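This report refers to the structure that appears directly beneath it.
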Amino acid sequence: MDKRSLRVAVLGCGSVGSQVVRLLQEQATDLEARIGARIELVGVAVRRIDATRDVEVPDGLLTTDADGLVARDDVDLVIEVIGGIEPARSLILSALEHGASVVTANKALLAEDGPTLFEAAEKAGRDLYYEAAVAGAIPILRPLRESLAGDKVTRVLGIVNGTTNFILDKMDSSGAGFAEALEEAQELGYAEADPTADVEGFDAAAKAAILASLAFHTRVTASDVYREGISEVTAADVQSAREMNSVVKLLAICELRAVAGGDDAVAVRVHPAMIPRSHPLASVREAYNAVFVESEAAGQLMFYGPGAGGAPTASAVLGDLVTVARNHLAGTRGVGESAYADRAVLAMGETRTRYHVAIDVDDRAGVLASVALAFAEHDVSIQTVRQEGRGDDAQLVVVSHEATDAQLSATVEHLRGMDNVREVTSVMRVEGETE
């Protein structure tokens, strides 16, 4: 083997894997110049050799023996793009154990069991890079891990799922309901036939766990992330947001919160929220992603671009490949896990937020006062209230000041039990200063 070549194995040849293989072939000369060594593709593990693929894989490279491929002692780098928990976890651990560094795009695995992988990489003295796991082609993990390493990040607020952003954008721009917008997303290929992982927030929650872990130097798993999807968002919710000059987005919110004793704790949540149209994230359209970062010294930063798709994700994979390959040639390794802060993770009930509450009430004297009293009894201050009469009933739209989520939830339950409240028709969290 040429001592100035690095041998690469790819696990998976789907929408992302096929683009990785294509770019490795098309950009071979440039990659060699950037790395200082030739990249040699030595194997591509797939489930079925005869499956139709978007790229032509050179003869003899396809194999169904993924275990054997990662265990080869002549493989220097392994790229994992098969997704899921198993067999991806076992294959990555085997690759590290046998001396290969790993580049992965597996957000679900990192969010569930990242520490096991990081510890294995540390023990093996090898790299584990994963830029492609969050927000596709957008470079966000490296800035958090390296560029902002000398700063204190206080908040990461992001649109990290293109499917839900497309749906909510269509609901806002056309007045469509959720089902109609989802159907269009599926027709255009933005949503899977089973869209559960996207529309119920599981995908975004995994990404939020990874972002929070890096930003706050604390181990955060997907189970630590409060999660709500967008399937209950109605056209009326979107219209109400429009009336406040706001827009509804599914947000991943990771922030530091002061707790008793003067320490900081980590709060991580994924849910639909109203944000003012003046906020930079409000202008993120279609299936694009964006991540808004706030830190003490740098201030406010925003990262924007295509957050999914084969080619954009493959771009992030190859960016990591170049870095890992350079490290390999230099006989060093990059930054590993940083969890030294070991901050507590707040439960959602302890997290401070704001609510938009739409309430159908009897249209008679004293109702507004009784609703205001319900908020006051739970120590929730009202920021604004709007009332619209509709014959025998009326609708109150209340936006609260910040309070704990537990206080706000208790307030809503109180309202639902009141005799003069016909229905609490909408409850949604609010981020940013609405008008």
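Has the stretch 299-309 got any residue that is at pLDDT 95 or above, surrounded by fewer than 16 Cβ atoms within 10 Å (Cβ to Cβ) and more than 21 Å from the chain's Cα centre (by Cα)?
So far as the stretch 299-309 goes, yes, one or more of its residues are at pLDDT 95 or above, surrounded by fewer than 16 Cβ atoms within 10 Å (Cβ to Cβ) and more than 21 Å from the chain's Cα centre (by Cα).
Which condition does Thr104 not pass, out of (1) in contact with a Phe, Trp or Tyr (Cβ under 8 Å, 6 or more places away or on another chain); (2) farther than 30 Å from Val225 by Cα, if it passes all the others?
The one condition Thr104 does not meet is (2).
Checking Leu368 against (1) within 30 Å of Ser240 (Cβ to Cβ); (2) touching a Ser or Thr at 6+ places or on another chain (Cβ under 9 Å); (3) assigned to a helix (DSSP H, G or I): exactly one of these is not met. Which one?
(2)
Checking Glu86 against (1) under 23 Å from Pro312 (Cα atoms); (2) in a loop (DSSP other than H, G, I, E, B); (3) of a type outside the set (Gly, Ala, Ser), which single condition isn't satisfied?
Failed condition: (1).
What are the residues in the stretch 252-273 that are over 23 Å from Val357 (Cα atoms) and touching a strand residue (DSSP E or B) at 6+ places or on another chain (Cβ under 8 Å), if any?
Cys254, Glu255, Leu256, Arg257, Ala258, Val259, Asp264, Ala265, Val266 - these are the residues of the stretch 252-273 that are over 23 Å from Val357 (Cα atoms) and touching a strand residue (DSSP E or B) at 6+ places or on another chain (Cβ under 8 Å).
Which residues, counting only those in the stretch 302-329, are among the aliphatic types (A, V, I, L, M) and within 15 Å of Ile35 (Cα to Cα)?
Those that are among the aliphatic types (A, V, I, L, M) and within 15 Å of Ile35 (Cα to Cα): Val317, Leu318, Leu321, Val322, Val324, Ala325, Leu329.
Take the conditions in contact with a strand residue (DSSP E or B) (Cβ under 6 Å, 6 or more places away or on another chain) and at negative phi and apply them to Thr63. Does it pass?
Here the answer is yes, as Thr63 does meet what is asked.
Inside the stretch 255-273, can you point out the residues that are more than 16 Å from Ala406 (Cα to Cα), of a type in the set (A, V, I, L, M) and modelled with pLDDT under 95?
Residues satisfying the conditions are Ala258, Ala260.
With the structure loaded, tell me whether Val412 is under 23 Å from Thr234 (Cβ atoms) and in a strand (DSSP E or B) or whether it fails that test.
No; evaluated as a whole, the condition is false for this residue.
Looking at Leu182, Leu168, Leu110, can you tell me which residue is in a helix (DSSP H, G or I), under 20 Å from the mean Cα position of the chain (by Cα) and not assigned by TED's automatic domain parsing to the domain that holds Val270?
Of the residues listed, the single one that is in a helix (DSSP H, G or I), under 20 Å from the mean Cα position of the chain (by Cα) and not assigned by TED's automatic domain parsing to the domain that holds Val270 is Leu110.
Val398 - would you say it is touching a residue at least 40 places away in the same chain (Cβ under 8 Å) and either surrounded by fewer than 18 Cβ atoms within 10 Å (Cβ to Cβ) or under 28 Å from Leu281 (Cα atoms) (or both)?
yes
Considering only residues that are touching a Leu at 6+ places or on another chain (Cβ under 8 Å) and in a helix (DSSP H, G or I), look in the stretch 185-208 and name the one that is farthest from Leu144 (Cα to Cα).
By that ranking, first place goes to Val199.
So is Ala365 at pLDDT 95 or above and not acidic (Asp, Glu) or not?
So Ala365 fails the test.
The values are calculated or read from the model by the stated rules, or taken from the named source; none is laboratory data. Values in this document were obtained by computation on a predicted structure and should not be read as measured data. For neighbour counting, all protein chains shown are included, and Cβ atoms are generated from backbone atoms with ideal geometry for every residue, glycine included.
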